[in-house]
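A.B. asks: Dropping the structure in here first, questions after.
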Ligand code: ACO
């Protein structure tokens, strides 16, 4: 049996070091024993953007980027999308197991008990400008919730963590719907616990003067699957933000607000919005070669393509593409789908994309569905945030319970000026 170790020779000193390999990783702290002199602090690993650094051990989700595999707690994403509901998957993500019938009805009840917002939160949302980006409203309002629930700061207390988890999963869709209604100047619609989690969200978004809003079951189911597909995704930018902020024992509202802020960028959850803007700009299939030319010249990126981990078709994109057809049967076809399909076809035959293993990611088709459901593009990352909330909470909780974790504090390689003499302002040129 070969040894699970790595032998390193330091050519500065000629010394050899044997370092353990566990789960295909060496511990970066094992490198600190490698010193050129006794005063030397030891070797550190340099990894901008943590491209090849595992920052934690996790049980939540698993991706095989080369094979295009995604599993939550061991269950393939395709099976969960086909057979489960979003709230059941949220339970799985947060608690680690699929619920029994009894546990599931308790979980549903516990989430539904927390869908309403304090009246002052509504007034807080009213304070945003009419054209405020809903993602900004979401980030700000979720952060503000920590002032409403001061018990949330007891992050070491299991009961407090459970309570904030229910509150956050319960309230996020309400905040998201109110952000949308605020942008249109429409009155807020109270949560209706008679509906499913997703049905209630659609009601809070779209109910007008009718006595009872009835969500279309196809759209309700499609949105439920979209939430499932977004529920967790390993150590992505926003989950990492959640872990880093949570590592200081900040309360979970601050943690989820920070994660949502990370999600808002166009290279992460903002990409679905950017895809629609790009497809609209293309306008028609005959304009695609022009865009591809710009992308290959390095002038712009093909939004919704490429992924740090997937070097194959993103399994979520495959499922979403299928749901799009079901949604269009209800809403009518979104003409952007033809441009998207043709763009995918051309890109996947082009050596630029093939050689770099750039495939459609989850954002390439999700926006087309949201648009067909009459949601404005600015709401797309907000929908992503609703789906991802259980993932952020699971990552946060896992980090808190992991005895190896400490406050996040990466090292740096200082490359700035050496020590300098301070000059008074009048002597500076
Ligand atoms: N269009 C064109 N070229 C691309 C794209 C793209 N979308 N993505 C990567 N490339 C190219 C890069 O230019 C680079 O080429 P080079 O080697 O000639 O310099 C190569 O592919 C590798 O790219 P990196 O930027 O090193 O890849 P990284 O893993 O850092 O980036 C990312 C991943 C940010 C997702 C990138 O692919 C991208 O910007 N995609 C578009 C935005 C997007 O869709 N984001 C959503 C991601 S999924 C999610 O967050 C839910």
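A.B. asks: Return yes when residue 417 is surrounded by fewer than 24 Cβ atoms within 10 Å (Cβ to Cβ) and touching a helix residue (DSSP H, G or I) at 6+ places or on another chain (Cβ under 7 Å) and no when it is not.
C.D. replies: Working: surrounded by fewer than 24 Cβ atoms within 10 Å (Cβ to Cβ): yes; touching a helix residue (DSSP H, G or I) at 6+ places or on another chain (Cβ under 7 Å): no.
No; evaluated as a whole, the condition is false for this residue.
Every residue, every condition in (1) closer than 29 Å to residue 356 by Cβ; (2) in contact with a helix residue (DSSP H, G or I) (Cβ under 8 Å, 6 or more places away or on another chain), yes or no:
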position	(1), (2)
47	yes, no
55	yes, yes
64	yes, no
81	yes, yes
103	no, yes
108	no, yes
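A.B. asks: Mind checking whether some residue in the stretch 328-343 is closer than 25 Å to residue 232 by Cβ and either within 13 Å of the ligand (Cβ to nearest atom) or assigned to a helix (DSSP H, G or I) (or both)?
C.D. replies: Step one: filter the stretch 328-343 for residues closer than 25 Å to residue 232 by Cβ, giving none.
Within the stretch 328-343, not a single residue is closer than 25 Å to residue 232 by Cβ and either within 13 Å of the ligand (Cβ to nearest atom) or assigned to a helix (DSSP H, G or I) (or both).
A.B. asks: Follow-up question, since we're still on this one. Taking residue 100 and the conditions (1) surrounded by fewer than 20 Cβ atoms within 10 Å (Cβ to Cβ); (2) under 24 Å from the mean Cα position of the chain (by Cα), which numbered condition does it fall short on, given that it satisfies the others?
C.D. replies: Every listed condition holds for residue 100 apart from (2).
A.B. asks: Please verify whether residue 82 is over 30 Å from residue 186 (Cα atoms), surrounded by fewer than 18 Cβ atoms within 10 Å (Cβ to Cβ) and at pLDDT 95 or above, treating the condition exactly as stated.
C.D. replies: Values: over 30 Å from residue 186 (Cα atoms): yes; surrounded by fewer than 18 Cβ atoms within 10 Å (Cβ to Cβ): yes; at pLDDT 95 or above: yes.
Here the answer is yes, as residue 82 does meet what is asked.
A.B. asks: Looking at the stretch 344-364, which of its residues are within 15 Å of the ligand (Cβ to nearest atom), under 22 Å from residue 282 (Cα atoms) and assigned to a helix (DSSP H, G or I)?
C.D. replies: The answer is 344, 346, 347, 351, 352, 353, 354, 362, 363, 364.
A.B. asks: Here is a further query. Quick check: anything in the stretch 236-249 modelled with pLDDT of 95 or more, crowded, with 22+ Cβ neighbours inside 10 Å, more than 9 Å from the ligand (Cβ to nearest atom) and assigned to a loop (DSSP other than H, G, I, E, B)?
C.D. replies: No, there is no match, as no residue in the stretch 236-249 is modelled with pLDDT of 95 or more, crowded, with 22+ Cβ neighbours inside 10 Å, more than 9 Å from the ligand (Cβ to nearest atom) and assigned to a loop (DSSP other than H, G, I, E, B).
A.B. asks: Return the residues of the stretch 250-275 that are within 12 Å of the ligand (Cβ to nearest atom) and surrounded by 23 or more Cβ atoms within 10 Å (Cβ to Cβ); say none if nothing qualifies. Before the answer, list the steps.
C.D. replies: Narrowing the stretch 250-275 to residues within 12 Å of the ligand (Cβ to nearest atom): 262-275.
Once the filter is applied, which keeps residues that are within 12 Å of the ligand (Cβ to nearest atom) and surrounded by 23 or more Cβ atoms within 10 Å (Cβ to Cβ), the stretch 250-275 yields 263, 269, 271, 272, 273, 275.
A.B. asks: Suppose we keep only residues that are in a helix (DSSP H, G or I) and within 16 Å of the ligand (Cβ to nearest atom) within the stretch 311-327. Which one would you say is surrounded by the fewest Cβ atoms within 10 Å (Cβ to Cβ)? Please lay out each step first, then the result.
C.D. replies: Start the filter on the stretch 311-327 by keeping residues that are in a helix (DSSP H, G or I), which leaves 315-327.
Checking which are within 16 Å of the ligand (Cβ to nearest atom) leaves us with 315-321.
Numbers: 315: 22, 316: 27, 317: 23, 318: 16, 319: 22, 320: 25, 321: 20.
The selected residue is 318.
A.B. asks: Kindly establish whether residue 308 is in contact with a helix residue (DSSP H, G or I) (Cβ under 8 Å, 6 or more places away or on another chain), surrounded by fewer than 21 Cβ atoms within 10 Å (Cβ to Cβ) and either touching a residue at least 60 places away in the same chain (Cβ under 8 Å) or within 23 Å of residue 369 (Cα to Cα) (or both).
C.D. replies: Values: in contact with a helix residue (DSSP H, G or I) (Cβ under 8 Å, 6 or more places away or on another chain): no; surrounded by fewer than 21 Cβ atoms within 10 Å (Cβ to Cβ): yes; either touching a residue at least 60 places away in the same chain (Cβ under 8 Å) or within 23 Å of residue 369 (Cα to Cα) (or both): yes.
So residue 308 fails the test.
A.B. asks: If residue 215 satisfies every condition in (1) near the ligand (Cβ under 10 Å from one of its atoms); (2) touching a helix residue (DSSP H, G or I) at 6+ places or on another chain (Cβ under 6 Å) but one, which is the exception?
C.D. replies: Only one criterion in (1) near the ligand (Cβ under 10 Å from one of its atoms); (2) touching a helix residue (DSSP H, G or I) at 6+ places or on another chain (Cβ under 6 Å) is unmet by residue 215, namely (1).
A.B. asks: Would you mind telling me which numbered condition in (1) more than 9 Å from the ligand (Cβ to nearest atom); (2) in a helix (DSSP H, G or I); (3) buried (at least 20 other Cβ atoms within 10 Å of the Cβ); (4) more than 20 Å from the chain's Cα centre (by Cα) residue 287 fails?
C.D. replies: Against the list (1) more than 9 Å from the ligand (Cβ to nearest atom); (2) in a helix (DSSP H, G or I); (3) buried (at least 20 other Cβ atoms within 10 Å of the Cβ); (4) more than 20 Å from the chain's Cα centre (by Cα), residue 287 comes up short only on (3).
A.B. asks: Take the conditions in contact with a strand residue (DSSP E or B) (Cβ under 6 Å, 6 or more places away or on another chain) and within 15 Å of the ligand (Cβ to nearest atom) and apply them to residue 295. Does it pass?
C.D. replies: On the way: in contact with a strand residue (DSSP E or B) (Cβ under 6 Å, 6 or more places away or on another chain): no; within 15 Å of the ligand (Cβ to nearest atom): yes.
Spelling it out, it is not the case that residue 295 is in contact with a strand residue (DSSP E or B) (Cβ under 6 Å, 6 or more places away or on another chain) and within 15 Å of the ligand (Cβ to nearest atom).
A.B. asks: What about residue 128, is it buried (at least 17 other Cβ atoms within 10 Å of the Cβ), outside any helix (DSSP H, G or I) and without any contact (Cβ under 8 Å) to a residue 60 or more places away in the chain?
C.D. replies: Values: buried (at least 17 other Cβ atoms within 10 Å of the Cβ): yes; outside any helix (DSSP H, G or I): yes; without any contact (Cβ under 8 Å) to a residue 60 or more places away in the chain: yes.
Spelling it out, residue 128 is indeed buried (at least 17 other Cβ atoms within 10 Å of the Cβ), outside any helix (DSSP H, G or I) and without any contact (Cβ under 8 Å) to a residue 60 or more places away in the chain.
The values are calculated or read from the model by the stated rules, or taken from the named source; none is laboratory data. Fair warning: this is a prediction, and the values are worked out from it, not measured in the lab. Cβ sites come from the backbone with ideal geometry, for glycine too, and all protein chains shown count toward neighbours.
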